[in-house]
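Colleague: I have a structure here, written as structure tokens, and I will follow up with some questions on it.
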């Protein structure tokens, strides 16, 4: 039971910190034309400027994929572009978008199709966590979470499907969380949205199998996306916290390696894998009761 309690608290804390700087700025689309080296395969990463998204970008850049990074803030996108192009001699396009907007997926797909982007990988990373109890969160925040965590992933997968099919074999990587393996009362909607990502990935994998498009789902536990996450985790949980957490760079490398090998469910870290097996093996009613008793 202690393992379940610690996992829930750590995962919830890591997710809330990862999206603490989220804001709702207006959209702006980068209309630059793809570089002359566009014959090289591209990977599009929705939420690719920081954290796990940037780690995925770096792992793909090492494998000589050109990149399309999407996020809200131009400054963080530009910084990611400069670092990746300088380190790996690839080309990086950046698009400034609020992915919770209904129109974003259509606009992004049109941008890619108009330029005949050689798209081989789609990574749906963007998401919203939040530290507050479901019952204490505003309706607007709950709706925003659903749009960003679920709707944007489904919409991008569908609107970019023609390019992925054209450039098959290709890959879709959806980012969920270990929180999606069982209901968590205090983080009710968050765990529900991540469960939706997992179930959607399972189903889509079999729908796209004959099209030679592989679908994977990344389900990490706590990830040290920021220095303050590491400090707080180590302060609260000491040795166990350090063993449980995985660095973004390692998560990115594991996720890309296993995605390109066609793995469906990807759980980085030995301890996280053990806990994920337990979460899936025990009856959901039992796990939910344990979470509820622990106040998580």
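Colleague: Which one is farthest from the chain's Cα centre (by Cα), of the residues in region 81-107 that are under 16 Å from residue 42 (Cα atoms) and free of Cβ contacts under 8 Å to residues at least 60 places away in the same chain? Can you show your working first?
Modeller: Restricting attention to region 81-107, the residues satisfying the condition of being under 16 Å from residue 42 (Cα atoms) are 81, 84-85, 88-95.
Checking which are free of Cβ contacts under 8 Å to residues at least 60 places away in the same chain leaves us with 81, 84-85, 88-92.
Values: 81: 19, 84: 19, 85: 22, 88: 22, 89: 25, 90: 22, 91: 22, 92: 19 Å.
Taking the candidates together, the pick is 89.
Colleague: Here is a follow-up. Could you check, for region 191-198, whether at least one of its residues is part of a helix (DSSP H, G or I), at pLDDT 95 or above, farther than 22 Å from residue 221 by Cα and touching a strand residue (DSSP E or B) at 6+ places or on another chain (Cβ under 6 Å)?
Modeller: no
Colleague: Please specify each residue of region 198-207 satisfying the condition of being without any contact (Cβ under 8 Å) to a residue 60 or more places away in the chain and touching a helix residue (DSSP H, G or I) at 6+ places or on another chain (Cβ under 8 Å).
Modeller: Restricting attention to region 198-207, the residues satisfying the condition of being without any contact (Cβ under 8 Å) to a residue 60 or more places away in the chain are 199-200, 203-207.
200, 204, listed by residue number.
Colleague: Looking at the structure I just gave you, is residue 53 part of a loop (DSSP other than H, G, I, E, B), modelled with pLDDT of 95 or more and surrounded by 24 or more Cβ atoms within 10 Å (Cβ to Cβ)?
Modeller: In short, no.
Colleague: Residues that are in contact with a strand residue (DSSP E or B) (Cβ under 8 Å, 6 or more places away or on another chain), at least 1 per element: which helices (runs of 4 or more DSSP H) completely within region 133-176 meet that?
Modeller: By residue number, 152-159, 161-166.
Colleague: So which of 77, 67, 60 is within 20 Å of residue 214 (Cα to Cα), assigned to a helix (DSSP H, G or I) and at pLDDT 50 or above? Please lay out each step first, then the result.
Modeller: Working: 77 fails: within 20 Å of residue 214 (Cα to Cα); 67 fails: assigned to a helix (DSSP H, G or I).
Within the list 77, 67, 60, the selection yields 60.
Colleague: Residue check, residue 159 against (1) within 24 Å of residue 225 (Cα to Cα); (2) buried (at least 18 other Cβ atoms within 10 Å of the Cβ), all met but one. Which one?
Modeller: Exception for residue 159: condition (1).
Colleague: Which residue pairs have Cβ atoms under 8 Å apart, sit 6 or more places apart or on different chains, and have a first residue in region 241-262 that is touching a residue at least 40 places away in the same chain (Cβ under 8 Å) and on the phi < 0 side of the Ramachandran plot and a second that is outside any helix (DSSP H, G or I) and surrounded by fewer than 18 Cβ atoms within 10 Å (Cβ to Cβ)?
Modeller: Here the result reads 256/63; 260/63, each pair linking region 241-262 to a residue that is outside any helix (DSSP H, G or I) and surrounded by fewer than 18 Cβ atoms within 10 Å (Cβ to Cβ).
Colleague: With the requirement that a residue be crowded, with 20+ Cβ neighbours inside 10 Å and either assigned to a helix (DSSP H, G or I) or at pLDDT below 85 (or both), what does region 266-278 give you? Show your work before the answer.
Modeller: The first filter runs over region 266-278 and keeps only residues crowded, with 20+ Cβ neighbours inside 10 Å, leaving 266-269, 272, 275-276.
The answer is 272, 275, 276.
Colleague: Moving on to the next point. Of (1) crowded, with 23+ Cβ neighbours inside 10 Å; (2) over 13 Å from the mean Cα position of the chain (by Cα); (3) at pLDDT 95 or above, residue 176 satisfies all except one. Which?
Modeller: If we test residue 176 against (1) crowded, with 23+ Cβ neighbours inside 10 Å; (2) over 13 Å from the mean Cα position of the chain (by Cα); (3) at pLDDT 95 or above, just (2) comes out false.
Colleague: Moving on. Take region 82-95 and flag every residue that is in contact with a strand residue (DSSP E or B) (Cβ under 7 Å, 6 or more places away or on another chain), surrounded by fewer than 21 Cβ atoms within 10 Å (Cβ to Cβ) and part of a helix (DSSP H, G or I).
Modeller: The answer is 85, and nothing else.
Colleague: Consider residue 98 carefully, then state whether it is surrounded by 14 or more Cβ atoms within 10 Å (Cβ to Cβ), modelled with pLDDT under 95 and within 25 Å of residue 140 (Cα to Cα).
Modeller: Spelling it out, it is not the case that residue 98 is surrounded by 14 or more Cβ atoms within 10 Å (Cβ to Cβ), modelled with pLDDT under 95 and within 25 Å of residue 140 (Cα to Cα).
Colleague: Going by what's in this entry, would residue 176 be described as in contact (Cβ under 8 Å) with a residue 40 or more places away in the chain and farther than 25 Å from residue 280 by Cα?
Modeller: no
One line per residue, one yes/no per condition, for (1) out of contact with any strand residue (DSSP E or B) (no Cβ under 8 Å at 6 or more places or on another chain); (2) within 24 Å of residue 124 (Cα to Cα); (3) at pLDDT 80 or above:
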| site | (1), (2), (3) |
| --- | --- |
| 218 | no, yes, yes |
| 231 | yes, no, no |
| 235 | yes, no, no |
| 245 | no, yes, yes |
| 248 | no, yes, yes |
| 260 | no, yes, yes |
| 264 | no, yes, yes |
| 287 | yes, no, yes |
| 296 | yes, no, no |
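Colleague: Within region 108-125, which residues are outside any helix (DSSP H, G or I) and more than 20 Å from the chain's Cα centre (by Cα)? Steps first, please.
Modeller: In the first step, residues of region 108-125 are kept if they are outside any helix (DSSP H, G or I); the result is 115-125.
Of everything in region 108-125, those that are outside any helix (DSSP H, G or I) and more than 20 Å from the chain's Cα centre (by Cα) turn out to be 115, 116, 117, 118.
The values are calculated or read from the model by the stated rules, or taken from the named source; none is laboratory data. A quick note: this is a predicted structure, and the numbers were derived from the prediction, not measured. Don't worry about glycine lacking a Cβ; one is built from the backbone with ideal geometry, like all the others, and counts go over all protein chains shown.
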